[in-house]
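For reference, the structure is listed below as structure tokens.
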Amino acid sequence: MEIEQLEKVAAQVRRDIVRMVHGCQSGHPGGSLGCTDLLVALYFERMKLKEEDGKPVFDMDGNGEDLFFLSNGHISPVLYSVLARKGYFPVPELATFRKLNSRLQGHPTPHEHLEGIRIASGSLGQGMSVAIGAALSKKLNKDDSLVYVLMGDGEQQEGQVWEAAMFAPHHKVDNLIAIIDLNGQQIDGPTAKVMDNRDLGAKYEAFGWEVMEVEEGNDMASVVKALYEAKSKAGHAKPIMILLRTGMGYGVDFMMGSHKWHGVAPNDEQLAAALAQLEESMGDY
Amino acid sequence: MKKYTFTEKKDTRSGFGAGMHELGQKNPNVVALCADLVGSLKLEPFIKENPERFVQCGISEANMISVSAGLTIGGKIPFATTFANFATGRVYDQIRQSVAYSGKNVKICASHAGLTLGEDGATHQILEDIGMMKMLPGMTVINPCDYNQTKAATIAIADYEGPVYLRFGRPVIPIFTAADQVFEIGKAWMVSEGTDVSIFATGHMVWEAIQAGEQLEAEGISAEIINIHTIKPLDEEAILKSIAKTRCAVSAEEHNRIGGLGDSIAQVIVKNDLVPQEYVAVDDSFGESGTPAQLMEKYGLTAADIVAAAKRAIAKKK
């Protein structure tokens, strides 16, 4: 897909995100908006996905296709919107987000059989381990497709992340592309103040990863280019880590760059102000 | 009282290792994972024949559980192995989110459960694992009684789709069940029929219950002994059928009396058919260092304790 088209999809996804969070007056818009360009680039451009008649087909095993795991499950709005816009489930279902009897739980889960979701996440630090397991499964199945996982930068404070960081190079899990959303914010404030995990690149390099640093994580062309470069590095005995610099709340001016919009929903006025900044390119649900 | 004899003693963990060896040969999807305890889990024969299907995780149990969850995606059947303490308490949230809530086909196989790991002491003697695991929705909890039954259970859980906690131990104990048994998950095993008291035992306590049954018989008391190898799902029908006849119950387990087999049975009794029940279990405490035999005696988990509990239960009958 052309960059311009991907950007249009991203604008619609951002509309979905603020509307979903507004609709239930809860959820996490900040990180969702910041990772929108990445998820759109993955699902609408980079990932090899099983499709029939131009529509994605979901099965739990995902053999023969690339897989994506969201470890920082609180940014579920962006994943739900991208999955729906891609065609995994009906777009109007986005309106049920975080409401009773919905398949769109606050944090993603396969428990409600939502197409596109393969693991529960929300309790942080587990997703990279899960992705490693799925990558090992692909190797055992002689399946040469790739496994992606997204984590938060605050999430790097979880000890299990470093167990996985040690494991993947040791076992040469080179069909794994991990991405850290480097937005520098977490609930209690700037990550550097709460618990500084400085020099993540040096840390992962020291653990044996192939590390890429991408400064323009909200520039679609840069994100797509980085994802292709990462793919070209796969299969060379090392897992790949992309440190993706993003802006929390990107795309909605008053939400940008502050941890205050980590887990707060906009009111009616704020919603209108946000939507005025985002093109309705695919039609609201 | 049905007579049980044995010619050999072995540890239940070796039954697990033997089961894994057989699974390695007949099920190409079975993958073994271990957190630096290959020898203790008796995995060497599996690893020797299937090196590509063994994943050494190092001392990183949390990662091991979540990697196991990921391995199921693509159709693998991961057996995640370590000591029971590190397989449950240490990684409860990983099991809860990545395995149970995600509905993953992971087999958590835990050795050195209970007091009988002995000298290592309370840090390693988990007595709360059954409780933690049975509280997770969708989790199957199995605690077999000897080498043969552990081997059969290991093979059986590979064919069952869903998360399983399989608990076994370190001490060498008599082999008294059949080598060719077919293990039925959730189906209690009638060890010996009786009429005066029902003894529901699990794991290492089944052999103690058999010895207790013989002592009771010598005193003219007829004990019905039932092996509850599957604590969840619980065979309620077998329990109710037995207490309908005997009108009193004893539960026996190498576990805290809170949250274990005894409480599961008590729920069945309270809900359906009120009869007296006595617990043989660790009385809400941690263990300590000692030989397995010393610990079982000090913490009240011997045949003599079951005999005393049976008499108390009978005395309370209306």
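The values are calculated or read from the model by the stated rules, or taken from the named source; none is laboratory data. Predicted model, so just to flag it, every value in this text is computed and none were measured. So basically every Cβ, Gly included, is an ideal-geometry build from the backbone, and we count neighbours across all protein chains shown. Surface accessibility is based on the protein's heavy atoms, side chains included, excluding ligands, DNA and RNA. Shrake-Rupley method; radii C 1.70, N 1.55, O 1.52, S 1.80 Å.
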(request) Identify, from the list B:222, B:289, the residue that is of a type in the set (S, T, N, Q), within 17 Å of residue B:114 (Cβ to Cβ) and surrounded by fewer than 19 Cβ atoms within 10 Å (Cβ to Cβ). (result) B:289
(request) Can you work out which of the residues in the stretch A:117-163 that are closer than 21 Å to residue A:199 by Cβ, open to solvent by less than 20 Å² (accessible area, probe 1.4 Å) and part of a helix (DSSP H, G or I) is nearest to the other protein chains (Cβ to nearest Cβ)? (result) A:160
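Every residue, every condition in (1) open to solvent by less than 40 Å² (accessible area, probe 1.4 Å); (2) out of contact with any Ser or Thr (no Cβ under 8 Å at 6 or more places or on another chain); (3) among the small types (Gly, Ala, Ser), yes or no:
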{"position": "A:191", "(1), (2), (3)": "yes, yes, no"}
{"position": "A:211", "(1), (2), (3)": "yes, yes, no"}
{"position": "A:218", "(1), (2), (3)": "yes, no, no"}
{"position": "A:238", "(1), (2), (3)": "no, yes, no"}
{"position": "A:246", "(1), (2), (3)": "yes, yes, no"}
{"position": "A:270", "(1), (2), (3)": "no, yes, no"}
{"position": "A:277", "(1), (2), (3)": "no, yes, no"}
(request) Would you check if residue A:155 is more than 16 Å from residue B:68 (Cβ to Cβ) and either in contact with a Phe, Trp or Tyr (Cβ under 8 Å, 6 or more places away or on another chain) or among the charged types (D, E, K, R) (or both)? (result) yes
(request) Among the numbered conditions (1) surrounded by fewer than 22 Cβ atoms within 10 Å (Cβ to Cβ); (2) in contact (Cβ under 8 Å) with a residue 24 or more places away in the chain, tell me where residue B:270 comes up short. (result) (2)
(message) Just the residues that are open to solvent by 50 Å² or more (accessible area, probe 1.4 Å) and either modelled with pLDDT under 95 or touching a Leu at 6+ places or on another chain (Cβ under 7 Å) (or both), please, taken from the stretch A:172-189.
(response) A:187, A:188
(request) Just need a number here: residues in the stretch B:152-167 that are within 13 Å of the chain's Cα centre (by Cα) and either more than 14 Å from residue B:227 (Cβ to Cβ) or part of a strand (DSSP E or B) (or both). (result) 5
(request) Select from the stretch A:17-55 the residues that are open to solvent by less than 20 Å² (accessible area, probe 1.4 Å), assigned to a helix (DSSP H, G or I) and under 17 Å from residue A:107 (Cβ atoms) and list them in ascending order. (result) A:17, A:20, A:21, A:29, A:30, A:31, A:32, A:39
(request) Hey, can you tell me all the residues within the stretch B:137-182 that are hydrophobic (A, V, I, L, M, F, W, C), without any contact (Cβ under 8 Å) to a residue 60 or more places away in the chain and open to solvent by 10 Å² or more (accessible area, probe 1.4 Å)? (result) B:156, B:178, B:179, B:182
(request) Out of B:91, B:38, B:99, B:67, report the one residue that is assigned to a loop (DSSP other than H, G, I, E, B) and closer than 30 Å to residue B:120 by Cα. (result) B:38
(message) So if I check each of A:48, A:55, A:8, A:86, which one is touching an Asp or Glu at 6+ places or on another chain (Cβ under 6 Å), away from chain B (no Cβ under 14 Å) and of a type outside the set (S, T, N, Q)?
(response) A:48
(message) Here is a list: B:81, B:72, B:88. Which entry is crowded, with 24+ Cβ neighbours inside 10 Å, within 13 Å of another protein chain (Cβ to nearest Cβ) and of a type in the set (S, T, N, Q)?
(response) B:72
(request) Name the residue, out of A:104, A:114, A:79, A:100, that is part of a helix (DSSP H, G or I) and more than 8 Å from chain B (Cβ to nearest Cβ). (result) A:79
(message) Quick test for you: out of B:54, B:6, B:16, pick the one residue that is more than 9 Å from chain A (Cβ to nearest Cβ), within 23 Å of residue B:100 (Cα to Cα) and either among the charged types (D, E, K, R) or open to solvent by 10 Å² or more (accessible area, probe 1.4 Å) (or both).
(response) B:54
(message) I'd like the residue in the stretch B:303-318 that is closer than 10 Å to residue B:213 by Cα and of a type in the set (Val, Ile, Thr) and, out of all such residues, is surrounded by the fewest Cβ atoms within 10 Å (Cβ to Cβ).
(response) B:307
(message) Suppose the filter is touching a residue at least 40 places away in the same chain (Cβ under 8 Å) and closer than 14 Å to residue A:30 by Cβ; does residue A:182 pass it?
(response) yes
(request) Could you list all residues from the stretch A:261-285 that are outside any loop (DSSP other than H, G, I, E, B) and without any contact (Cβ under 8 Å) to a residue 12 or more places away in the chain? (result) A:269, A:272
(request) State the number of residues belonging to the stretch B:254-267 that are buried (at least 19 other Cβ atoms within 10 Å of the Cβ) and among the polar types (S, T, N, Q). (result) 2
(message) Take the residues in the stretch B:41-51 that are open to solvent by less than 20 Å² (accessible area, probe 1.4 Å) and not in a helix (DSSP H, G or I); name whichever of them is farthest from the other protein chains (Cβ to nearest Cβ).
(response) B:41
(message) Filter the stretch B:41-97 down to the residues that are in contact with a Ser or Thr (Cβ under 7 Å, 6 or more places away or on another chain) and among the acidic types (Asp, Glu) and list them by number.
(response) B:61, B:93
(message) Every residue in the stretch A:56-90 that is of a type in the set (Val, Ile, Thr) and surrounded by 18 or more Cβ atoms within 10 Å (Cβ to Cβ), please.
(response) A:75, A:78, A:82
